[in-house]
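*Asks:* I have a structure here, written as structure tokens, and I will follow up with some questions on it.
The values are calculated or read from the model by the stated rules, or taken from the named source; none is laboratory data. It should be emphasised that the depicted structure is a prediction, and the values quoted were computed from it without experimental measurement. Note that we place each Cβ from the backbone using ideal geometry, even for glycine, and neighbour counts take in every protein chain shown. In case anyone asks, the SASA skips ligands and DNA or RNA and just uses the protein heavy atoms, side chains included. Shrake-Rupley method; radii C 1.70, N 1.55, O 1.52, S 1.80 Å.
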Amino acid sequence: QVHLVESGGGSVQSGGSLRLSCTFSGDTRFSTSCLGWFRRAPGKEREGVATITAGNHPTAKSAFSVKGRFTISRENDVNTLYLQMSSLKPEDTAMYYCAARMLADCPNIDSVTAGFDFNYFGQGTQVTVSA
């Protein structure tokens, strides 16, 4: 059973930065799996943030709302996924979740149904950005 644990959330002022981490355990397929970050703000639907494919030269994609500010990366040797967030805005306030798809390719992160293509989600880490 895959177990995902996020960390690195917190409170930051607008314009600040945070780095989220997600550790993956319980399965040997981390390096061959598409991974992603999602978020859910209070009263809103879950939103895709970024994805990264498997392979030696993974392809990273970011949602339009965070493009140029957030960067997803992975470190297969330690089964860890990252999300570097910069130039944070109050509208980035949300619970952030990492997710594993268990297939190499990733769905379109801007699709409202992207989350349904992932098999496992973590419990989330809260990010709060004040104005």
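*Asks:* On the given criteria, is Ala54 over 11 Å from the mean Cα position of the chain (by Cα) and small (Gly, Ala, Ser)?
*Replies:* Yes: the conditions hold for Ala54.
*Asks:* Looking at Arg19, Arg69, Arg39, which one is charged (D, E, K, R), buried (at least 21 other Cβ atoms within 10 Å of the Cβ) and at pLDDT 95 or above?
*Replies:* Arg39
*Asks:* Filter the stretch 72-90 down to the residues that are among the aliphatic types (A, V, I, L, M) and more than 14 Å from the chain's Cα centre (by Cα), then identify the one that is surrounded by the most Cβ atoms within 10 Å (Cβ to Cβ).
*Replies:* That would be Leu88.
*Asks:* Just name the residue that is nearest to Pro58 (Cα to Cα) out of those in the stretch 105-131 that are assigned to a loop (DSSP other than H, G, I, E, B) and open to solvent by less than 80 Å² (accessible area, probe 1.4 Å).
*Replies:* Cys106
*Asks:* Being open to solvent by less than 30 Å² (accessible area, probe 1.4 Å) and in a loop (DSSP other than H, G, I, E, B) is the filter; apply it to the stretch 2-16 and report the residue that is nearest to Asp92 (Cα to Cα).
*Replies:* Only one residue fits best here, namely Gly16.
*Asks:* Still on this structure: Of the residues Thr59, Thr51, only one is of a type outside the set (Asp, Glu), surrounded by fewer than 15 Cβ atoms within 10 Å (Cβ to Cβ), at pLDDT 95 or above and within 17 Å of Ala114 (Cα to Cα); which?
*Replies:* Checking each option against the conditions leaves just Thr59.
*Asks:* Of all residues in the stretch 67-89, which are part of a strand (DSSP E or B) and closer than 17 Å to Thr128 by Cβ?
*Replies:* Phe70, Leu83, Met85
*Asks:* One residue is enough: does the stretch 92-111 have a residue meeting the conditions of a type in the set (Phe, Trp, Tyr), in contact (Cβ under 8 Å) with a residue 60 or more places away in the chain and touching a Phe, Trp or Tyr at 6+ places or on another chain (Cβ under 7 Å)?
*Replies:* The answer is yes, given that some residue of the stretch 92-111 is of a type in the set (Phe, Trp, Tyr), in contact (Cβ under 8 Å) with a residue 60 or more places away in the chain and touching a Phe, Trp or Tyr at 6+ places or on another chain (Cβ under 7 Å).
*Asks:* Could you figure out which of (1) under 19 Å from Gln123 (Cβ atoms); (2) open to solvent by less than 10 Å² (accessible area, probe 1.4 Å); (3) not small (Gly, Ala, Ser) isn't true of Cys34?
*Replies:* Of (1) under 19 Å from Gln123 (Cβ atoms); (2) open to solvent by less than 10 Å² (accessible area, probe 1.4 Å); (3) not small (Gly, Ala, Ser), only one is false for Cys34: (1).
*Asks:* Among the candidates Asp92, Asp27, single out the residue that is under 19 Å from Val129 (Cα atoms) and of a type in the set (D, E, K, R).
*Replies:* Asp92
*Asks:* Say whether the condition of being in a strand (DSSP E or B), in contact with a strand residue (DSSP E or B) (Cβ under 8 Å, 6 or more places away or on another chain), open to solvent by less than 30 Å² (accessible area, probe 1.4 Å) and of a type in the set (Phe, Trp, Tyr) is met by at least one residue in the stretch 91-98.
*Replies:* Checking the stretch 91-98: at least one residue is in a strand (DSSP E or B), in contact with a strand residue (DSSP E or B) (Cβ under 8 Å, 6 or more places away or on another chain), open to solvent by less than 30 Å² (accessible area, probe 1.4 Å) and of a type in the set (Phe, Trp, Tyr).
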